[in-house]
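Colleague: Let me give you the structure first, and then I'll get to my questions.
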Amino acid sequence: MQPLTEQELHNLAMNIVGKQLEADGFEFLSVNSELKKNPQFVCLKDKKLHFVVVKSIGYPGDPKDIEFYKADLNKMKEHALKFEADTFYAAVGLVNASDYNLPVYLNQEYIVDYDGLIKI
């Protein structure tokens with residue numbers, strides 16, 4: 001069994017968030033899947049610019065705990081203000097469905113913990 005790499009987990013989280021953004025009517029201007037390079041999505045909705053930072057959070061991490069990324073998110077918010085953009089954090093918890101202590105494996109079931117965008 002092949003565990004997903006950090007990049008593959010990041011891409012999976014981006015796909016989950018991207019589908020939600022698309023369903024909510026966001027228009028993608030830029031998509032960046034490079035790890036540790038923010039934002040992942042630059043979108044337009046209702047003529048307003050939005051920056052979305054996506055993080056995949058493995059168990060036992062809590063996707064609702066933004067304190068760990070607070071410095072990065074504040075830096076992104078400052079950058080977004082120069083463009084009169086809103087900044088959002090999208091944390092996606094990913095865990096192996098059969099055993100939380102195992103990594104997420106390629107072609108095996110996983111559980112998603114994602115509550116949507118958090119405005120920064």
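The values are calculated or read from the model by the stated rules, or taken from the named source; none is laboratory data. Only a predicted model underlies this, so the values are computations on that prediction, with no experimental measurement involved. Heads up, the Cβs are rebuilt from the backbone with ideal geometry, glycines too, and the neighbour counts pull from every protein chain shown.
Colleague: Report every pair of residues separated by at least 6 positions or lying on different chains whose Cβ atoms are under 8 Å apart, first residue within region 1-27 and under 20 Å from residue 102 (Cβ atoms), second assigned to a helix (DSSP H, G or I).
Modeller: 4/12
Colleague: Okay, next question. For region 91-104: of the residues being touching a Leu at 6+ places or on another chain (Cβ under 8 Å) and part of a loop (DSSP other than H, G, I, E, B), which is nearest to residue 13 (Cα to Cα)? Give the steps one after another, and end with the answer.
Modeller: Filtering region 91-104 down to residues touching a Leu at 6+ places or on another chain (Cβ under 8 Å) leaves 92, 94, 96, 103-104.
With the extra rule that they be part of a loop (DSSP other than H, G, I, E, B), the set shrinks to 103-104.
On the way: 103: 15, 104: 12 Å.
Within region 91-104, the match that is nearest to residue 13 (Cα to Cα) is 104.
Colleague: Let me ask something else. In region 70-90, what residues are closer than 17 Å to residue 40 by Cβ, among the small types (Gly, Ala, Ser) and not in a loop (DSSP other than H, G, I, E, B)?
Modeller: 80, 90
For every residue, the table says whether it meets (1) farther than 20 Å from residue 10 by Cβ; (2) surrounded by 13 or more Cβ atoms within 10 Å (Cβ to Cβ); (3) within 13 Å of the chain's Cα centre (by Cα).
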site: 72; (1), (2), (3): no, yes, no
site: 84; (1), (2), (3): yes, no, no
site: 112; (1), (2), (3): no, yes, yes
site: 120; (1), (2), (3): no, yes, no
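Colleague: In region 86-110, which residue that is under 15 Å from the mean Cα position of the chain (by Cα) and aromatic (Phe, Trp, Tyr) is farthest from residue 51 (Cα to Cα)?
Modeller: 89
Colleague: Residues that are out of contact with any His (no Cβ under 8 Å at 6 or more places or on another chain), over 25 Å from residue 96 (Cα atoms), of a type outside the set (Lys, Arg) and buried (at least 20 other Cβ atoms within 10 Å of the Cβ): does region 42-54 have at least one?
Modeller: Here is the first cut: in region 42-54, the ones out of contact with any His (no Cβ under 8 Å at 6 or more places or on another chain) are 45-50, 52-53.
Then drop every residue that is not over 25 Å from residue 96 (Cα atoms), which leaves 45-50, 52.
Narrowing further to those that are of a type outside the set (Lys, Arg): 46, 49-50, 52.
Filter once more, so that each one left must be buried (at least 20 other Cβ atoms within 10 Å of the Cβ): 50, 52.
Yes: region 42-54 contains one or more residues that are out of contact with any His (no Cβ under 8 Å at 6 or more places or on another chain), over 25 Å from residue 96 (Cα atoms), of a type outside the set (Lys, Arg) and buried (at least 20 other Cβ atoms within 10 Å of the Cβ).
Colleague: Let me ask another. Residues in region 56-75: is at least one modelled with pLDDT of 95 or more and not hydrophobic (A, V, I, L, M, F, W, C)?
Modeller: yes
Colleague: While we're here: Take the residues in region 46-69 that are more than 15 Å from residue 17 (Cβ to Cβ) and part of a strand (DSSP E or B); name whichever of them is farthest from the chain's Cα centre (by Cα).
Modeller: 48
Colleague: Shifting gears a bit: Against the definition (within 20 Å of residue 5 (Cβ to Cβ), of a type in the set (Gly, Ala, Ser), surrounded by fewer than 16 Cβ atoms within 10 Å (Cβ to Cβ) and at pLDDT 95 or above), how does residue 33 come out, yes or no?
Modeller: Values: within 20 Å of residue 5 (Cβ to Cβ): yes; of a type in the set (Gly, Ala, Ser): yes; surrounded by fewer than 16 Cβ atoms within 10 Å (Cβ to Cβ): yes; at pLDDT 95 or above: yes.
Yes.
Colleague: Could you run through region 90-100 and say how many residues are within 16 Å of residue 62 (Cα to Cα) and either among the hydroxyl-bearing types (Ser, Thr, Tyr) or modelled with pLDDT under 95 (or both)?
Modeller: 1
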